[in-house]
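Asks: One structure, as structure tokens, below. Some questions next.
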Amino acid sequence: MKLKPIMKASLLSMALFGASFSANATIENPLVTSYLSTQTVIATQAAEQADTLVVVVPEGAAIQLAGWSTSTVEQVARIAEVAGFEGKMGQQETVNAPAGLGVTRLILVGVGDPAEAARTKVEDAGAALANMINNTKAETVQVNAELISNPVYNGRILAQLAHGVDLRNYRFDRYQSSPAARPAQTYHYHVTSRSHAEREFEAMQALAQGVFLARELTNLPGSAGYPAAFAEYARQALEPLGVNVTILTPEQVLEMGMGALYGVSQGSQHKAHLLIAHWEGSSEQPIALVGKGNTHDTGGYNLKTNAASIHRMPTDKAGGAAVVGAVAAIAGQRLEQNVVGVVPLSQNSISGEALLPGDVVTTGSGLTIEVANTDAEGRLILADGLWYVREHYNPRAIADIATLTGAKMTAVGTDFSAVFANNELVYETLAEAAETVNERVWRLPLDPRFERSISSRIADMKNTGSPGASAGAMLLQRFVGDTPWIHIDMAGNAQVDGPSGIHPAGATGYGVRMLTEWVKVYPKTAE
Ligand code: BES
Ligand code: MN
Ligand code: ZN
């Protein structure tokens, strides 16, 4: 693996403003390249030359921008009427622009009542707008929201719209020798007040950078995103943001007694690592985010025999990627929160050294686990990740996120994740955060009656049980003690086969926005 040194200032400004690099910089580390090929301009004036005008329209508003002639206003009103466009949230209309406007095309984007506009609906409108524009030859897109006169709503809605545009326009094409043309427009957001808009734009852009980082890590093939590489990529992206990054080597993992984490990769040429990313934005007791970073999952000796299923397994690090992305977003937003992200990193492969079904591993906590099935590796590495973060950081709450079980997909599908919590406040705040960003969660049971199913004849517990998704959660629960905790099973949420909404094809970055929002809303002092 060759990693070029990072230009710190550029990465920071890129993280905050989506700026591109100067032409002479050679960048091989993909995570240092700007994730977007579009340009964003935020200005209190209109673009000098635009070929496309986007007008953001509140429901029922007369469509009329400053400087429009009476005849233009009339023509646009007629166009809108014929199209049935009323400015309702989600409505969108592309038309040939009346001659007086000086642009080729006019796009009307409805946002309903600006005071009531749900953030995710505006983001969806932005994603739909991007998709529409990518099907045209537009180069410079002027986005005008002056029909929303309140400067707070004006700035916020434009920032959310831009967020949707950006999320949709991410591409993962660096393994293609002649990739499809990337979106390359300049989006010129005309804000009524710079001071109101800037903070909103910066927060959303930092969030988008976190999502892109998670998508990038998730999209990496197993042979490129193996434990050491994942950790190094994360370090290079996080350190310039002021995050304190520690990477434990396989030797250290073993020395500290984390035999479950170590065991999963013992048969791979790529041994286990533990990534710790600490954003100390306050001095309070931290919140911990723990993500499954299994960089590929063959199943081990319980080999995955379904071709489509094993092919999806580069995404088995999506939980870890979500944690890294969330820490990046939190740091990028300079949140006054103490957050520690922990990612146990493994690669579940086969060789003469690999774990055998029936083997017993000893976790850092001292508890032993019988490996009834080598394909239930996620809970093994998370057991040690959870133990480690409690032991070293005494967090006031923990969320873990993992592509853990196929059973979860059978139960709730791939739009929702399944969550399991030992604490109502943690569940309620996380569910609220998930709702805010439209990453849906559905609660499933943790119950003492499931304990029996993970009991082992020869060890303290075994790594399989029934019902499948709850059994995984029950095992994890044994490593969190009385710390308020929630487990998020995101199997199936990590990747989409084709573009939809804010997601281009490939990794979704699921979890980044929810975890970032949760950290913001979780009460500062434990109750
Ligand atoms: N990484 C898989 C879970 C998964 C399946 C994620 C499909 C995304 C899509 C996990 O490690 C696994 O293999 N789980 C097993 C557990 C079983 C052996 C107890 C499963 O769910 O089949
Ligand atoms: Mn597995
Ligand atoms: Zn797995």
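Throughout, read-outs are computed from the coordinates displayed, never taken from laboratory work. Keep in mind that what you see is a predicted model, and the values were worked out from it rather than measured. Neighbour counts are summed over all protein chains in view; Cβ atoms, including those assigned to glycine, are modelled from backbone coordinates with ideal geometry.
Asks: Taking only region 477-498 into account, find how many residues are in contact with a Gly (Cβ under 9 Å, 6 or more places away or on another chain) and of a type outside the set (D, E).
Replies: At the first step, the residues of region 477-498 found to be in contact with a Gly (Cβ under 9 Å, 6 or more places away or on another chain) are 479, 487-497.
Now drop any that are not of a type outside the set (D, E), which leaves 479, 487-488, 490-496.
The total comes to 10.
Asks: Let me ask you something else. Being within 11 Å of ligand 1 (Cβ to nearest atom), in a helix (DSSP H, G or I) and within 21 Å of L274 (Cα to Cα): is that true of G319 here? Step through it out loud before you land on a result.
Replies: Numbers: within 11 Å of ligand 1 (Cβ to nearest atom): yes; in a helix (DSSP H, G or I): yes; within 21 Å of L274 (Cα to Cα): yes.
So G319 passes the test.
Asks: Given the residues A459, A469, A473, which is the only one that is touching a helix residue (DSSP H, G or I) at 6+ places or on another chain (Cβ under 8 Å), within 20 Å of I381 (Cα to Cα) and in contact (Cβ under 8 Å) with a residue 12 or more places away in the chain?
Replies: The conditions single out A469.
Asks: In this structure, does G385 turn out to be in contact (Cβ under 8 Å) with a residue 24 or more places away in the chain, away from ligand 1 (no atom under 13 Å from the Cβ) and buried (at least 18 other Cβ atoms within 10 Å of the Cβ)? Steps first, please.
Replies: On the way: in contact (Cβ under 8 Å) with a residue 24 or more places away in the chain: yes; away from ligand 1 (no atom under 13 Å from the Cβ): yes; buried (at least 18 other Cβ atoms within 10 Å of the Cβ): yes.
Yes.
Asks: Evaluate the following for T305: is it within 14 Å of ligand 2 (Cβ to nearest atom), surrounded by fewer than 18 Cβ atoms within 10 Å (Cβ to Cβ) and either touching a residue at least 60 places away in the same chain (Cβ under 8 Å) or β-branched (V, I, T) (or both)?
Replies: Numbers: within 14 Å of ligand 2 (Cβ to nearest atom): yes; surrounded by fewer than 18 Cβ atoms within 10 Å (Cβ to Cβ): yes; either touching a residue at least 60 places away in the same chain (Cβ under 8 Å) or β-branched (V, I, T) (or both): yes.
In short, yes.
Asks: Could I ask something else about it? Being more than 15 Å from E200 (Cα to Cα) and in a helix (DSSP H, G or I) is the filter here, so list the residues in region 166-177 that pass it. Write out each step before concluding.
Replies: Of the residues in region 166-177, the ones more than 15 Å from E200 (Cα to Cα) are 167-177.
Selection gives L167, R168, N169.
Asks: I'm trying to understand the selection: among the residues of region 126-164, which are touching a helix residue (DSSP H, G or I) at 6+ places or on another chain (Cβ under 6 Å) and of a type in the set (G, A, S)?
Replies: Passing the criteria: G126, A127, A130, A145, G155, A159, G164.
Asks: If you don't mind, there's one more thing I want to ask. Which numbered condition in (1) among the hydrophobic types (A, V, I, L, M, F, W, C); (2) under 18 Å from the mean Cα position of the chain (by Cα); (3) within 16 Å of ligand 3 (Cβ to nearest atom) is the only one that A383 fails?
Replies: Exception for A383: condition (2).
Asks: Check L430, L446 and return the single one that is part of a loop (DSSP other than H, G, I, E, B), more than 16 Å from ligand 3 (Cβ to nearest atom) and hydrophobic (A, V, I, L, M, F, W, C). Give the steps one after another, and end with the answer.
Replies: On the way: L430 fails: part of a loop (DSSP other than H, G, I, E, B).
The match here is L446.
Asks: Moving to a separate point now. Identify all residues within region 178-210 that are under 27 Å from Q236 (Cβ atoms), of a type in the set (A, V, I, L, M) and assigned to a loop (DSSP other than H, G, I, E, B); write none if there are none.
Replies: A184
Asks: A further question on this structure: Is there a residue in region 217-228 that is among the hydroxyl-bearing types (S, T, Y) and buried (at least 24 other Cβ atoms within 10 Å of the Cβ)? Steps first, please.
Replies: So the first thing to find is which residues in region 217-228 are among the hydroxyl-bearing types (S, T, Y), and the list is 218, 223, 226.
Those still in the list that are buried (at least 24 other Cβ atoms within 10 Å of the Cβ) too: 218, 226.
The answer is yes, given that some residue of region 217-228 is among the hydroxyl-bearing types (S, T, Y) and buried (at least 24 other Cβ atoms within 10 Å of the Cβ).
Asks: I'd like to know if region 364-371 contains one or more residues that are farther than 20 Å from L274 by Cα, more than 16 Å from ligand 3 (Cβ to nearest atom), in contact (Cβ under 8 Å) with a residue 60 or more places away in the chain and in a strand (DSSP E or B). Can you show your working first?
Replies: The first filter runs over region 364-371 and keeps only residues farther than 20 Å from L274 by Cα, leaving 370-371.
If we keep only those that are more than 16 Å from ligand 3 (Cβ to nearest atom) as well, we get 370.
Still in the running and in contact (Cβ under 8 Å) with a residue 60 or more places away in the chain: 370.
Then drop every residue that is not in a strand (DSSP E or B), which leaves 370.
Yes, region 364-371 contains at least one residue that is farther than 20 Å from L274 by Cα, more than 16 Å from ligand 3 (Cβ to nearest atom), in contact (Cβ under 8 Å) with a residue 60 or more places away in the chain and in a strand (DSSP E or B).
Asks: Here's something else I'd like to know. Looking at (1) of a type outside the set (F, W, Y); (2) crowded, with 19+ Cβ neighbours inside 10 Å; (3) more than 16 Å from ligand 3 (Cβ to nearest atom); (4) farther than 21 Å from V327 by Cβ, which is the one condition that is false for K408?
Replies: Here K408 clears every test but (3).
Asks: Looking at E280, E353, which one is more than 11 Å from ligand 1 (Cβ to nearest atom), among the acidic types (D, E) and either buried (at least 24 other Cβ atoms within 10 Å of the Cβ) or farther than 27 Å from R215 by Cα (or both)? Steps first, please.
Replies: Working: E280 fails: either buried (at least 24 other Cβ atoms within 10 Å of the Cβ) or farther than 27 Å from R215 by Cα (or both).
Being more than 11 Å from ligand 1 (Cβ to nearest atom), among the acidic types (D, E) and either buried (at least 24 other Cβ atoms within 10 Å of the Cβ) or farther than 27 Å from R215 by Cα (or both) holds for just one of E280, E353, which is E353.
Asks: Restricted to region 390-416, and to residues that are of a type in the set (S, T, Y) and more than 16 Å from ligand 2 (Cβ to nearest atom), which residue is farthest from G509 (Cα to Cα)? I'd like the intermediate steps shown before the answer.
Replies: Of region 390-416, the ones of a type in the set (S, T, Y) are 393, 403, 405, 410, 414.
Within this subset, residues satisfying the condition of being more than 16 Å from ligand 2 (Cβ to nearest atom) are 393, 414.
Values: Y393: 26, T414: 13 Å.
The qualifying residue farthest from G509 (Cα to Cα) is Y393.
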